[in-house]
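What follows is a single structure, written as structure tokens, with notes after it.
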Amino acid sequence: MSYIEPAPIKDKENPFESMMSRFQVAAEHLGLNAQIYNVLKTPTKQVIVGLPVTMDNGKIEVFEGYRVIHSNILGPSKGGIRYALDVNLDEMKALAAWMTWKCAVVDIPFGGAKGGIKCDPRSMSAGEIERLTRAYTMALQEIFGPDRDIPAPDMGTGPREMAWLMDQFSRSNGMTINAVVTGKPTVLGGSLGRTEATGRGVMVSTLVAMEKLQLNPFKATCAIQGFGNVGSWAARLLDERGVKIISLSDISGAYYNKNGINIDEAMRYRDANNGTLEGFSEAEKIPTDELLLLEVDVLVPAAVEDVITIHNAHNIKAKLIVEGANGPTSAKADKILNDLGILSVPDILANAGGVTVSYFEWVQNRLGYKWTAERVNRRSDRIMKDAFNNVYETSVKYNVSLRIAAYIVAIDKVAKTYEYRGGF
Ligand code: GLU
């Protein structure tokens, strides 16, 4: 079968403005003092660095690296590092602010930050990525620190890059400082359960939301966009709990099997196949954009920003959307989904399982102690459920969507902290 792949539809909404428009609605519900509003809409620090790196061919290439700290009023700032070609300052600012709200929603004592390097890690060797990661760490060593700013993995990075970052930071300081970064390999002090944590949080949020909608997991179907760390773990853990995953996608396209896809099989295939599902024959290939429009109970966008937009929101048939990615729904699409009666569990709640277990990793590193996987999972599941219920009750109290309710919960905590701390 051959078909012409439609170009991905993008809304071209500026991600920072998209975040701010939700912020504004929540701020109005809270009657937020205009001065605090101004403080919160401005990131605390924005750093751009030039990173010269010797490539394998002997030539020096200069990469651009970013770190934006949106707020550190609740504690050291926390947030991942993204390696991708489209990394830019506006995206970093939005993602950093989302981290502030995310940490506040799950009530962990961190502020929000995000970093990234404009690069294409898929076209680079391991040695080049290592040199780039070390250059980035050196350039930001005054910013990073267990009590200052704590990076973690995001798109295009994982435990390997976190190990290099930890090593470089430790070398520069003359001692091992593993609490400077989370998402490390477990031998370096990484937490058990961190790899699957974001997907696990997505699974917990999905099941709690299904309960509210009286959807039976054993009769439900689900489509998941993105088969990276978040999407694949969400798929596996939902599948284990009876939800039938009928469609998956990654950069190679979308795959569909009405009888359900064997997720273990798909993960094994991907791992043996250069990280993609290209050629996966247990499911039929469908046009990529159709995944979002399938007749399913649950839709999990777990890839990139701005995929549910005014161009396709009208045609979404899912009853429940659980945002594994950061910012997958554009601000303008929110209203369309609400009008259609689709329940959306917003990113800053649904994907907060990752940063929650990052917090546990930091706690364990500082204690010099290791928790069992059982303790990590039990505690993170409880935090996710409590956060969901808190957001749900707030949505009932203010008569708003779960997204605006999550912003209300988060902004209220951050604003109160500013009011108590004062010092302007
Ligand atoms: N990059 C992840 C996120 O967007 C994890 C951040 C962290 O663990 O600090 O939530």
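The values are calculated or read from the model by the stated rules, or taken from the named source; none is laboratory data. Everything quoted here is computed from the prediction, not taken from an experiment. As a convention, Cβ positions derive from the backbone with ideal geometry for all residues, glycine included, and neighbour counts pool all protein chains shown.
Taken together, the residues in the stretch 44-69 that are within 16 Å of the ligand (Cβ to nearest atom) and touching a Lys or Arg at 6+ places or on another chain (Cβ under 7 Å) amount to 2.
Among the residues of the stretch 97-151, those identified as charged (D, E, K, R) and more than 16 Å from the ligand (Cβ to nearest atom) are LYS118, ASP120, ARG122, GLU128, GLU130, ARG131, ARG134, GLU142. Filtered by the rule that a residue be within 12 Å of the ligand (Cβ to nearest atom) and farther than 29 Å from ASP86 by Cα, the stretch 166-193 gives a lone residue, SER191. When the stretch 152-165 is limited to residues that are within 14 Å of the ligand (Cβ to nearest atom), among the hydrophobic types (A, V, I, L, M, F, W, C) and in contact with a helix residue (DSSP H, G or I) (Cβ under 6 Å, 6 or more places away or on another chain), the one that is farthest from GLY116 (Cα to Cα) turns out to be LEU165. Screening the stretch 308-333 for residues that are surrounded by 22 or more Cβ atoms within 10 Å (Cβ to Cβ) and of a type outside the set (A, V, I, L, M, F, W, C) and picking the one that is nearest to the chain's Cα centre (by Cα) gives ASN326. Among the candidates LEU132, LEU140, the residue that is buried (at least 24 other Cβ atoms within 10 Å of the Cβ), more than 28 Å from GLY201 (Cα to Cα) and not hydroxyl-bearing (Ser, Thr, Tyr) is uniquely LEU132. Could you tell me which of the residues TYR398, TYR392 is more than 16 Å from the ligand (Cβ to nearest atom), in contact with a His (Cβ under 7 Å, 6 or more places away or on another chain), at pLDDT 95 or above and at negative phi? Just a single option satisfies the conditions, and that option is TYR398. Filtering the stretch 264-292 to residues that are buried (at least 17 other Cβ atoms within 10 Å of the Cβ), at pLDDT 95 or above and either closer than 19 Å to LEU320 by Cβ or of a type in the set (D, E, K, R) (or both) leaves ARG270, LYS285, LEU291, LEU292. The number of residues in the stretch 149-169 being within 15 Å of the chain's Cα centre (by Cα) and acidic (Asp, Glu) comes to 1.
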